[in-house]
Amino acid sequence: MTPPNDIPTKPTVLHLGDPIEFNHDLYRELQSRFSVGYDTLEEMLPHADCILMSAPTQSDDGRPILRREHFSMLKRGARVVNIGRGTLLDEEALADALDSGAVYSAGLDVHANEPHVSARLRAHRNVSLTSHTAGGALETTSGFEALSMQNVLAVLGGKAPLTPVNLHLFKKT
């Protein structure tokens, strides 16, 4: 599948409700020039080249925010990125939209049934998957590395790991 060739000549940030706030003066001009607001998701979707899901939870009624009917409203060849919660979108509907070409690609850092990832999405060539790491700062990564090394050194020194995970998978000696 080739990427869509209708690349916009003017970058635009589409958003629902309150405008997206930039936290640096350098970007405030960009906000005023390129930010376009919509009142409803359904009004925005046909105009979006990329949907970024970063909300902390699903809709008020417990259903995913992006459902089958929403994927059909997207501009053909749109991209979908979810870094919020796995339940923000219907993964089966996303897989169908990817298979049909309605959605060109997806980037998923979160999954509806973590740590399990949809087999259909995992097998799709136009899906990039990460393991819930999008929110990490440099300090977080450094902390993970330091803690990992402390665990390795503890085990190599004959001690129990500090933060054991999946111990049931290891044979006891």
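Laboratory data are not the source of any read-out in this text; all were calculated from the coordinates shown. Nothing here was measured: the structure is a model prediction, and the numbers come from that model. Here the Cβ positions follow ideal geometry from the backbone for every residue, glycine too, while neighbour counts run over all protein chains shown.
Listed values, structure above:
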read-out	value
Neighbourhood charge, 15 Å Cβ-Cβ cut-off, centred on VAL127 and excluding it, Lys, Arg +1 and Asp, Glu -1	-2
Order by protection proxy (mean Cβ within 10 Å, highest first), peptides 70-77, 102-109	102-109, 70-77
Table column - 3J(HN,Hα) (Hz), the range 118-123, Karplus curve with 6.51, -1.76, 1.60, x for Gly and Pro	3, 4, 5, 5, 4, 7
The range 46-166 - charge dipole about Cα centre, Lys and Arg +1 at Cβ, Asp and Glu -1, debye rounded to 20	240 debye
Spin-label model distance (nm) - LEU153 vs HIS132, 7 Å beyond Cα toward Cβ	2.8 nm
By average C-beta atoms within 10 angstrom, highest first, the peptides 113-124, 78-89	78-89, 113-124
Estimated FRET transfer efficiency (GLU43, GLU92; beta-carbon r; R0 30 Å; 0.05)	0.75
Cut-off under 5 Å, modelled amide H: who pairs with ILE51 long-range	ARG79, VAL80, VAL81
